[in-house]
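Nothing in this text is a laboratory measurement; each read-out follows from the coordinates by a stated rule. Since we're looking at a predicted model, the values are computed, not measured. All Cβ positions, even for glycine, are placed from backbone atoms using ideal geometry, and neighbour counts span all protein chains on display.
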Amino acid sequence: MTASTLNISLQNQTGSSTVYAYITGQALDNNNNVVLLQSDGRTLYFPTSPPSTGASLATDCAIALGPPGSTTPATIPRIAGGRIWFSINAKLTFLLNPGPSGSTSAALVEPSPLNPSDPNIDIEWDFCEFTFNEAQLFVNITYVDFVSIPIALTLRNTAGKSQHITGTAADGLDAVCAALKEQASADNNPSWSSLIVSKPGGGNLRALSPNHAPDPSDFQGYYQSYVDAVYSKYANTPLTIDTQASYGLVSGTVINGSLDFGTGGQFAKPSTADIFSCSTGPFQDTSGERAALVPRIAAAFNRSTLLIETTTPSANSTLYYQTLPTNHYARIVHSVNLDGRGYAFPYDDVTPTGGQDQSGAVFDSSPQLLTVTVGGANAGNALSTQL
């Protein structure tokens, strides 16, 4: 069982002395109510349900980080669905909506990179995700929605052992945007460069996932030729899924236009939007055996390995993104991260047994200190000697 609280070190390695952190989630020891840390990094704030939507927070929850190179402490209780947010040169705006019927807890309106009317839309911000419960601390950097500020993680446990996720270097966003432009030119497909969001005064603000392409027509039909080839191949050859669960190895072939896995159900041809989202079309139903099949099939489509190997997850990560078309956003994100790790699409944590992990996660059942570094200056160096 983990301790009831956890110490966090927030390190500012940006070039700015105006950096803020926010910590949000659902308090596991307080009926899963919404909780934020106040500006001192210790005091808990449980916002109550307001009478109408769009209410302001009743207290300051911006944890001001010190100048570049400084470390600011924070302490969290057990939290599910947690996020540690960072913003540069401006505070973020969180709003409150009425909570569920019968609850006194508010619903938290978080910053969105997709809503043009969001008050944070022109601010440089990013976050990492975590869950801290009785069993363990689990933390990951994520690019499922977008790329922006470099974030690195170091987790030390009570035995003194450390795990480290490097994130990108300080110029990681610029490197991603440059590669997206190169891909747009190579493919003669402006959809890739359309993912780049610029700052009002110039420069790169963020790069969106293709799942959030600004124009609904972007990438329409992008995967069609690949999907057709996959379904043609498996009309005569079994596709085997290693469920890495009690279902074992499950094989299916195309019958009446759908990949048929017997008790695992049928998978109609996914659209490009289905592949990028991993949650619509044939990937929407994750009940029963499909809970093991959907992540592995969706990951194989994003990584474009289904025409190379007939068993998935592929045991060879060097095969990922080598067959065209592919998810170039995910390919680029992994190439820019200094250790190659970080969630670039919703099931990017699918890993073959004994294979190379792709996700940017650290976890431990006995955590002592989590260090979260923003800015990329120390992204390539494990921080264990500094803890």
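Which shape class applies to the stretch 224-324: rounded if a/c is under 1.5, otherwise prolate when a/b exceeds b/c and oblate if not, where a ≥ b ≥ c are the square roots of the Cα gyration tensor eigenvalues? Don't jump to the answer; show the numbers that get you there.
Working: a/c = 1.24, a/b = 1.14, b/c = 1.09.
It is rounded, given that a/c, with a ≥ b ≥ c, falls under 1.5.
If each residue of separation counts as 0.36 nm, what is the full-extension length gain between residue 363 and residue 253 once their alpha-carbon separation is subtracted?
That works out to 35.9 nm of additional length.
Quick check: pseudo-label points 7 Å beyond the Cα along Cα→Cβ at residue 266 and residue 30, how many nm apart are they?
Each label point lies 7 Å from its Cα, and together they span 5.0 nm.
Could you work out Rg/(2.2 N^0.38 Å) for the stretch 83-193, with Rg from alpha carbons only?
Its radius of gyration relative to the 2.2 N^0.38 Å reference: 1.37.
Taking R0 as 41 Å, what's the FRET efficiency between residue 17 and residue 185 from their Cβ-Cβ distance, rounded to 0.05? Don't skip to the end; give the middle numbers.
Values: r = 38 Å, r/R0 = 0.92.
Step by step, r from the Cβ atoms, then E = 0.60.
Relative contact order (percent) for the stretch 224-324, with alpha-carbon contacts under 8 angstrom and 6 or more residues of separation?
Dividing the mean separation by the residue count of the stretch 224-324 yields 24 percent.
I need the trypsin sites (Lys or Arg not before Pro) found in the stretch 86-173, filtered to DSSP loop residues with at most 14 other beta carbons within 10 Å of theirs. Provide the component values of the computation, followed by the final result.
On the way: sites: 91, 156, 161; in loops: 91, 161.
Those that pass, being in a loop and sparsely packed, are 161.
Find which of 278, 258, 315 sits farthest along the positive direction of the dipole of the stretch 224-324, computed with +1 on the beta-carbon of Lys and Arg, -1 on that of Asp and Glu, about the Cα centre.
With unit charges placed on the Cβ atoms, the residue in question is 315.
Relative to the longest principal Cα axis of the chain, at what angle does helix 172-187 sit, 0 to 90 degrees, rounded to 10?
On a 0 to 90 degree scale, this one is about 30.
Give me 196, 149, 84, 275 ranked fewest to most by other Cβ atoms within 10 Å of their Cβ, as a rough exposure proxy.
Listed from fewest to most nearby Cβ atoms, that is 196, 149, 84, 275.
Using a basic spin-label model with each label point 7 Å from the Cα along Cα→Cβ, how many nm lie between residue 351 and residue 135?
1.6
Give me the percent relative contact order of the chain, please, defined on Cα pairs under 8 angstrom at least 6 residues apart.
About 21 percent, as a whole number.
Over the stretch 255-387, what relative contact order in percent results from Cα pairs under 8 Å that are six or more residues apart?
After rounding, I find 16 percent.
Counting each DSSP H run of 4 or more residues in the chain as -39500 (n - 2.57), what helix-only mean residue ellipticity at 222 nm follows after dividing by all residues, to the nearest 500 deg cm²/dmol?
Roughly -4500 deg cm²/dmol at 222 nm, from the helical runs in the chain.
Run the numbers for residue 117 and residue 4: contour at 0.36 nm per residue of separation, minus the present Cα-Cα distance, in nm. Please list the in-between numbers first.
Numbers: separation 113, 0.36 × 113 = 40.68 nm, distance 3.84 nm.
Working it through step by step, the gained length comes to 36.8 nm.
Between residue 159 and residue 316, take the C-beta separation as r, use R0 = 30 Å, and let me know the FRET efficiency to the nearest 0.05.
0.35
What angle, in degrees between 0 and 90 and rounded to the nearest 10, separates the Cα long axis of helix 224-233 from the longest principal axis of the Cα atoms of the chain?
Rounded to the nearest ten degrees, it is 50.
May I ask you to derive the FRET efficiency for residue 46 and residue 335 from their Cβ-Cβ distance with R0 = 45 Å, giving the value to the nearest 0.05?
0.60
Between residue 53 and residue 324, what is the spin-label point distance in nm, taking each point 7 Å from the Cα along the Cα→C-beta axis?
4.4
Full extension from residue 237 to residue 291: what is 0.36 nm times the residue separation minus their Cα-Cα distance, to one decimal in nm?
Gain on stretching residue 237 to residue 291: 17.1 nm.
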